[in-house]
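Asker: Here's a structure for you.
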Amino acid sequence: MKKNFQVPFFSINNLTSSTNLTSNNLVKFMKKNNIDTLQDLLTQSTEQFEWYWDKVREDLDIRWKQPYSKVIDVQRGAPWAEWFLGGKCNIIDNIIQKNIEKHPDKTAFIFVDRNGIKEKLTFSDLEFRIRVFKLALKSIGVKRGDVIGIYLPMRSESFISIYSISSLGAIHVPIFSGFGKLALEQRLIDSNSKFLITSETMQRRGKTITLKDHWKDVFRNTNVQKVVLVDTVAAVAAAAVNDRFRYQNKQDNIFSYNHIYDTSLNNLDKYSNFDSEIMDSSEPLFYLYTSGTTGKPKGTIQTHGGFTIFSAQQAAYLIDLKSIDTMFWYADIGWITGQTWVVYGSPIIGACTVVFEDTLDYPTKDFWAKQIEKLKVTIFGAAPTAIRQFMQNNIQGSKYDFSSLRLLASTGERLNQEAWYWFFKNVGNNRCPIINLSGGTEIGGAILSMLPLLRNAPSSVGIPVPGFDVDIYDEDGKSINTGYLVIKKPWPAMTKGLLNDDERYITTYWSRFSNVWYHGDKVMVDEHNMWYILGRVDDVIKISGHRIDPSEIEEILTSHPSVIESAAVSIPDEVTGEAVHIFCILRDTTMTDQQVFAMKENLNRLLTEKIGKFLLPKDIGFVKELPKNRSGKILRRLIRQKLVNNDIACDDLLLVENPESLDGIHSKID
């Protein structure tokens, strides 16, 4: 940390026995290592980062088959850092063996669908099912090093598949089940997946989505050789009557999940010990494709050694996750949030996690709230987009018993102040800290994060995460208080290049500043030493010589009580260079033409008052939804592109979770 980037003062010596912070995981780490202040922790964790990550391993009881001899090697340069050299491990050992020893009958996961609790799995259940399904995967030819796509919603089979693949030493490629045919095939091709685990259908908001329409051509269009189908209820019922329904009796390269599982169950040596493939620390664990806001998705690479320690650190120190917690963080396996905190971080810590298959506001708008109350959730996480949807649905937190909650979390998109205050008041009951954090797929988790140790600061992403040597650069690479977010040293979950594209990896992240990671976010530090995300650098608007971040405009718009969410973009203009176009989602979608005109006038006056006349938009449009990627980020570049030429390339459409929203954008601007 540079001297001009101090952090808010916090000292463990000032804690009293009455405060609940004495049991905080990060406070315990500081006490154990004789670190007094938060500033001391950040300084020591970056100046002595080898020491720090080794102490994290020790503190969180991360186990290795063979200890590493060296924490990091940067002989090839920072972009190609190697971690935990000489170490042998498998991430599944830290999920299964450790928890079986401590609490085998403790609930690891609660799977919920629209009808309520569907299934509970203890750590002992996990161990047994992984043993069986590993044998099933072997029976169809899966071996160490194979790449396997997983195209499933949030079901127990998704998690058993991931853990079994990892335990075998194969590589999983989680693919968001909301993606269509092109996105699926593109990821399968780029990752050279030989197997695919999927389903014929899934349910979303009471509707049956036919996934088969998306994967039916994989044998012809990709390198996939075999498909495993997680059976639907109808398939299981039909198979009970007529075993010929089983897929492999119809086609040699399509297998029923249930059938190969049942067969392997009958063949399992029940007295054998659970054992995972011994992997080098640097061997791949999974490939995860960015859903970023620009360009073709990039294949990031996580490893067994690095991701084991990093996901545990992010869970234990940022959201203070403990084995006694029940966490409900609504994040798909196809997002880095899902992989870091839900799939791996939570079970490594030994906590219980609630996994929901559908959307949070279905079958009732308050379904998520009822689950928090019913399951006594202690940590609840939701993307800013979901929080704004809760606001739009007018959920009243006082109607529910949220007394079990002790902490809230959010990531994926900038959390505006109105949404922050709503979340804090209605869900957190004005007492639960909000851990607002920011990072990325390529990071493996968060770079910046609020901490329970800090005072709440609406919309702030807190401070640099311990172990991250973070700075803010200007165009010339000099430290400033508002500018480009950069990272000056490697970290264990830094993507190991980009799959099949080393040149793009260097160009995207390492070419702007020598030997420094350029993240592409614009950030600022305020007078209280709290950090804020201002937006993506690519989104900055330039008008008549003025530069302004879309987030500044959007913050003003969402301060109006009628506006739920907004997006500001610019397109070329002959007079001012660029002209602003604004799109808003309103609480009231039934306005008359006269009311719409009046609302535009009100918003124009608000912008003039807060920023100035130079910013008056060329037009303000009201839409039902804004185009977003799968992690909830607004795709401003595609809004711009739609306005300029009304043509979106196929590769760009792969980024959009709700492509129909672009039709609304087009219809609002002449």
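The values are calculated or read from the model by the stated rules, or taken from the named source; none is laboratory data. Here the structure is a predicted model, which is why all the values come from computation and not from measurement. Cβ coordinates were reconstructed from backbone atoms using ideal geometry, including for glycine residues, and neighbour counts include every protein chain displayed. For accessibility, only protein heavy atoms count, side chains too; no ligands or nucleic acids. Shrake-Rupley method; radii C 1.70, N 1.55, O 1.52, S 1.80 Å.
Asker: For segment 25-42, which residues satisfy the criterion of being in a helix (DSSP H, G or I) and within 17 Å of Gln313 (Cα to Cα)?
Answerer: Start the filter on segment 25-42 by keeping residues that are in a helix (DSSP H, G or I), which leaves 25-32, 38-42.
The answer is Asn25, Leu26, Val27, Lys28, Phe29, Met30, Lys31, Lys32, Leu38, Leu41, Leu42.
Asker: Please specify each residue of segment 511-524 satisfying the condition of being open to solvent by less than 20 Å² (accessible area, probe 1.4 Å) and more than 24 Å from the chain's Cα centre (by Cα). Step through it out loud before you land on a result.
Answerer: Quick first cut of segment 511-524, residues open to solvent by less than 20 Å² (accessible area, probe 1.4 Å) only: 513, 516-517, 519-521, 523.
Within segment 511-524, just Phe513 meets the criteria.
Asker: Another one. Kindly provide the set of residues from segment 455-484 that are more than 23 Å from Pro433 (Cβ to Cβ) and part of a strand (DSSP E or B), ordered by number.
Answerer: Asp471, Ile472, Tyr473, Ser479, Thr482, Gly483, Tyr484
Asker: Being more than 22 Å from Tyr344 (Cα to Cα), touching a strand residue (DSSP E or B) at 6+ places or on another chain (Cβ under 8 Å) and β-branched (Val, Ile, Thr) is the filter here; which residues of segment 165-208 pass it?
Answerer: Thr201, Thr208
Asker: Please pick out the residue among Phe424, Phe468 that is in contact with a Cys (Cβ under 9 Å, 6 or more places away or on another chain) and among the aromatic types (Phe, Trp, Tyr).
Answerer: Phe424
Asker: What number goes with the only condition from (1) among the charged types (D, E, K, R); (2) closer than 21 Å to Ala316 by Cβ; (3) in contact with a His (Cβ under 9 Å, 6 or more places away or on another chain) that Arg406 does not pass?
Answerer: Going through the list (1) among the charged types (D, E, K, R); (2) closer than 21 Å to Ala316 by Cβ; (3) in contact with a His (Cβ under 9 Å, 6 or more places away or on another chain), Arg406 breaks only (3).
Asker: Among the residues of segment 353-379, write down those that are at pLDDT 95 or above, in a loop (DSSP other than H, G, I, E, B) and of a type in the set (Asp, Glu).
Answerer: Answer for segment 353-379, where residues must be at pLDDT 95 or above, in a loop (DSSP other than H, G, I, E, B) and of a type in the set (Asp, Glu): just Asp366.
Asker: Could you tell me how many of the residues in segment 380-413 are under 21 Å from Ile564 (Cβ atoms), small (Gly, Ala, Ser), assigned to a loop (DSSP other than H, G, I, E, B) and open to solvent by 10 Å² or more (accessible area, probe 1.4 Å)?
Answerer: Final tally of qualifying residues: 2.
Asker: Further question: Out of the residues in segment 638-670 that are part of a helix (DSSP H, G or I), at pLDDT below 85 and within 22 Å of Gly299 (Cα to Cα), state the one that is least open to solvent (accessible area, probe 1.4 Å).
Answerer: Asp652
Asker: I would also like to ask the following. Residues that are over 16 Å from Ser161 (Cβ atoms) and open to solvent by 10 Å² or more (accessible area, probe 1.4 Å): which strands (runs of 3 or more DSSP E) entirely in segment 172-211 hold 3 or more of them?
Answerer: 201-204, 207-210
Asker: Give Thr508, Thr495 a once-over and let me know the one that is of a type in the set (S, T, N, Q), open to solvent by less than 30 Å² (accessible area, probe 1.4 Å) and more than 26 Å from Ile556 (Cβ to Cβ).
Answerer: Just one listed residue meets the conditions, Thr495.
Asker: So which residues in segment 589-613 are part of a helix (DSSP H, G or I) and open to solvent by less than 70 Å² (accessible area, probe 1.4 Å)?
Answerer: Residues satisfying the conditions are Val596, Ala598, Met599, Lys600, Asn602, Leu603, Asn604, Leu606, Leu607, Thr608.
Asker: Among the numbered conditions (1) in contact (Cβ under 8 Å) with a residue 12 or more places away in the chain; (2) open to solvent by 20 Å² or more (accessible area, probe 1.4 Å); (3) more than 23 Å from Asn20 (Cβ to Cβ); (4) part of a loop (DSSP other than H, G, I, E, B), tell me where Pro452 comes up short.
Answerer: (3)
Asker: Among the residues of segment 418-425, is there at least one that is closer than 25 Å to Arg155 by Cβ and either without any contact (Cβ under 8 Å) to a residue 60 or more places away in the chain or surrounded by fewer than 23 Cβ atoms within 10 Å (Cβ to Cβ) (or both)?
Answerer: Within segment 418-425 (the criterion being closer than 25 Å to Arg155 by Cβ and either without any contact (Cβ under 8 Å) to a residue 60 or more places away in the chain or surrounded by fewer than 23 Cβ atoms within 10 Å (Cβ to Cβ) (or both)), the answer is no, since none of the residues qualifies.
Asker: A follow-up question, please. Restricting segment 122-145 to residues that are among the small types (Gly, Ala, Ser), farther than 22 Å from Ser346 by Cβ and touching a helix residue (DSSP H, G or I) at 6+ places or on another chain (Cβ under 9 Å), which is surrounded by the fewest Cβ atoms within 10 Å (Cβ to Cβ)? Steps first, answer last, please.
Answerer: Of all residues in segment 122-145, those among the small types (Gly, Ala, Ser) come to 124, 136, 139, 141, 145.
Retained after the next criterion (residues that are farther than 22 Å from Ser346 by Cβ): 136, 139, 141, 145.
Then keep just the ones that are touching a helix residue (DSSP H, G or I) at 6+ places or on another chain (Cβ under 9 Å); that gives 136, 139.
Working: Ala136: 25, Ser139: 13.
Selected residue: Ser139.
Asker: Can I ask one more? Restricting the first residue to segment 75-87 and requiring it to be touching a residue at least 12 places away in the same chain (Cβ under 8 Å), which pairs with a second residue that is basic (Lys, Arg) meet a Cβ separation below 6 Å and a spacing of at least six or different chains?
Answerer: Leu85/Lys70
Asker: Somewhere in segment 93-107, is a residue among the β-branched types (Val, Ile, Thr) and touching a Lys or Arg at 6+ places or on another chain (Cβ under 6 Å)? First the steps, then the outcome.
Answerer: Of segment 93-107, the ones among the β-branched types (Val, Ile, Thr) are 95-96, 100, 107.
Filter again for touching a Lys or Arg at 6+ places or on another chain (Cβ under 6 Å), leaving 107.
Within segment 93-107, one or more residues are among the β-branched types (Val, Ile, Thr) and touching a Lys or Arg at 6+ places or on another chain (Cβ under 6 Å).
Asker: Same structure, new question: What are the pairs with Cβ atoms under 7 angstrom where one residue, in segment 282-300, is polar (S, T, N, Q) and the other, located anywhere, is at pLDDT 95 or above and open to solvent by 30 Å² or more (accessible area, probe 1.4 Å)? Sequence gap at least six, or different chains.
Answerer: Within 7 Å, the pairs are Ser282/Glu82.
Asker: When segment 74-121 is examined, which residues are found to be hydrophobic (A, V, I, L, M, F, W, C), more than 30 Å from Tyr505 (Cα to Cα) and open to solvent by 40 Å² or more (accessible area, probe 1.4 Å)?
Answerer: Matches in segment 74-121: Ile100, Ile117.
Asker: Moving on. Please tell me if Gly338 is open to solvent by 10 Å² or more (accessible area, probe 1.4 Å), under 22 Å from Tyr289 (Cα atoms) and either part of a loop (DSSP other than H, G, I, E, B) or of a type outside the set (A, V, I, L, M) (or both).
Answerer: Criteria not met by Gly338.
Asker: For segment 306-349, how many residues are out of contact with any strand residue (DSSP E or B) (no Cβ under 8 Å at 6 or more places or on another chain), of a type outside the set (A, V, I, L, M, F, W, C) and more than 23 Å from Val173 (Cβ to Cβ)?
Answerer: Total satisfying the criteria: 4.
Asker: Are any residues in segment 618-634 in a loop (DSSP other than H, G, I, E, B) and open to solvent by 20 Å² or more (accessible area, probe 1.4 Å), and if so, which ones?
Answerer: Answer for segment 618-634, where residues must be in a loop (DSSP other than H, G, I, E, B) and open to solvent by 20 Å² or more (accessible area, probe 1.4 Å): Lys618, Lys624, Glu625, Ser631, Lys633.
Asker: Residues in segment 466-487: is at least one open to solvent by 20 Å² or more (accessible area, probe 1.4 Å) and aliphatic (A, V, I, L, M)?
Answerer: yes
Asker: Scan segment 525-538 for residues that are under 22 Å from Asn456 (Cα atoms) and either touching a helix residue (DSSP H, G or I) at 6+ places or on another chain (Cβ under 9 Å) or open to solvent by 20 Å² or more (accessible area, probe 1.4 Å) (or both) and report the count.
Answerer: Number satisfying all stated conditions: 8.
Asker: If I filter segment 556-573 for residues that are out of contact with any His (no Cβ under 7 Å at 6 or more places or on another chain), at positive phi and open to solvent by 20 Å² or more (accessible area, probe 1.4 Å), do I get at least one hit?
Answerer: no
Asker: Listed residues Leu285, Leu265; which is of a type in the set (A, V, I, L, M, F, W, C) and touching a Phe, Trp or Tyr at 6+ places or on another chain (Cβ under 8 Å)?
Answerer: Leu285
Asker: Which of the strands (runs of 3 or more DSSP E) contained wholly in segment 522-574 include at least 3 residues that are at pLDDT 90 or above?
Answerer: Counting at least 3 such residues, we get 531-536, 563-573.
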